Amino acid sequence: MRILFADDSRTMRQGLGEQMRAMGHEIVEAHDGRVALELFNKVEPDLVVLDVDMPVMNGYETARQIRAVQGHEWIPIIFLSGNVLDSDVAAGIDAGGDDYLAKPVSAVVLRAKISAMQRITDMRARLVELTREMARINEGLREESTQDALTGIPNRRSFDTAFNQEWNHAVRAGKPLALIIADVDHFKLFNDTYGHQKGDECLRAVAAAMRTAARRKVDMVARYGGEEFAMLLPDTPAVSALLVAGRVLEAVRGARLPHQSSSTSDHVTMSLGVCATMPCAELKPEALVNAADRALYDAKSRGRNQAVLRALQQD
């Protein structure tokens with residue numbers, strides 16, 4: 001372990017320091033409490049050994065300040081003192097100490113106490129590693145619950161959460177909100193012709209094309225379900241949303257994904273429904289979704305491979 005050892009007696013530092021080094025530990029020495037506190041922040045020790053009676057700052061106050069700055073990790077502290085009354089031991093524990101040794105310190109007792117503290121340190125290290133591993137696992141689970149496994153973009157669950165948040169924000173801020181619902185044209189025929197593996201590749205390429213078209217960080221592209229995608233565009237009026245939809249069409253066409261079974265084009269195309277509104281308390285969020293969905297239906301009925309803008313009408 002790395003042990004921070006503070007004692008105002010040079011003789012004590014040399015004698016106990018050598019004993020602890022002989023046990024295989026690295027020793028960092030301080031001649032008073034204030035220096036010990038400064039070193040604590042620099043060397044990040046595994047154990048602190050403090051003399052109680054020191055000039056400038058005594059051991060109790062040093063321990064209290066160490067506990068105040070150490071954060072979530074608990075570093076064991078052993079006090080050394082010639083005063084071993086019950087009240088002295090109680091004061092040391094109240095100050096944040098974990099053990100209290102009487103001077104002169106027996107080499108056998110010192111070794112035993114440090115071994116006990118090392119077990120605490122080892123358990124703490126394992127706990128820290130376990131905590132970090134749990135954090136990594138939880139982050140992975142969070143991503144799995146919010147991301148579409150195939151395309152890597154947010155899934156429907158994530159979209160629904162973001163949509164409600166952006167709707168409420170738009171109501172408070174008095175700003176427009178636009179929604180695009182897009183569908184890959186003749187996707188079932190694509191799967192039937194090229195197989196599901198190529199179909200998955202197609203969906204990944206479409207997702208990438210849509211991400212390219214969504215140029216702002218606040219814009220969200222999500223897999224809405226199957227071959228259907230959605231784009232959420234905060235603070236975006238209808239005319240701007242239609243321009244974004246145009247970029248999506250161009251990006252998908254630019255991917256040049258062959259689709260020999262399509263009656264619309266020899267390459268993969270998309271149909272997009274576009275709607276924008278000024279959210280307000282009197283309007284239900286579902287109205288925007290329904291309007292964009294109807295606009296998508298219009299785009300398909302008009303021949304596909306296009307974007308249709310539809311005004312919102314409250315149901």
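In this view, the solvent-accessible surface of residue 161, computed with a 1.4 Å probe and all protein chains in place, comes to about 70 Å². Projecting label points 7 angstrom from Cα along Cα→Cβ for residue 115 and residue 256 puts them 7.5 nm apart.
In a DSSP loop and with at most 13 other Cβ atoms within 10 Å, the GluC sites (Glu not before Pro) in the range 34-81 are 73. Taking the charge dipole of the chain about its Cα centre, with +1 at Lys and Arg Cβ atoms and -1 at Asp and Glu Cβ atoms, the residue from 214, 203, 261 reaching farthest to the positive side is 261. Under the convention that each Lys and Arg Cβ holds +1 and each Asp and Glu Cβ holds -1, the size of the dipole of the range 190-315 around its Cα centre is about 380 debye. Couplings 3J(HN,Hα) of the range 154-161, computed from phi: x, 8, 4, 4, 5, 4, 4, 5 Hz, in residue order, whole Hz [Karplus 6.51 cos²θ - 1.76 cosθ + 1.60, θ = phi - 60°; x for Gly and Pro]. Look at the dipole of the chain built from charges on Cβ: of 186, 138, 106, the Cα furthest out on the positive end belongs to 186. The C-alpha radius of gyration of the chain, expressed as a fraction of 2.2 N^0.38 Å, stands at 1.71. When 2, 302 are compared by accessible area at a 1.4 angstrom probe, the order from most to least is 302, 2.
Here the contact order of the range 103-261, divided by its residue count and restricted to Cα pairs under 8 Å and six or more residues apart, works out to 25 percent.
Sequence-distant contacts, meaning Cα pairs under 8 Å at least 6 residues apart, place the relative contact order of the range 169-242 at 48 percent. Within the listed set 15, 59, 174, the Gaussian network model of the chain (springs between alpha-carbon atoms below 10 Å) gives the highest mean-square fluctuation for 15. For the chain, a crude dipole built from +1 on the beta carbon of Lys and Arg and -1 on the beta carbon of Asp and Glu, taken about the Cα centre, is about 1220 debye to the nearest 20.
Computed over the range 172-315, relative contact order equals 31 percent, with contacts defined as Cα pairs under 8 Å that lie 6+ residues apart. Compactness of the range 165-302 was expressed as the Cα radius of gyration divided by 2.2 N^0.38 Å, which yields 1.08.
Annotation: residue 265 carries an accessible surface of approximately 40 Å², with a 1.4 Å probe and no ligand, DNA or RNA atoms counted.
The values are calculated or read from the model by the stated rules, or taken from the named source; none is laboratory data. Keep in mind that this is a model prediction, so the values were computed, not measured. Note: ideal-geometry Cβ built from the backbone for every residue, glycine included; neighbour counts use all protein chains shown. For accessibility, only protein heavy atoms count, side chains too; no ligands or nucleic acids. Shrake-Rupley method; radii C 1.70, N 1.55, O 1.52, S 1.80 Å.
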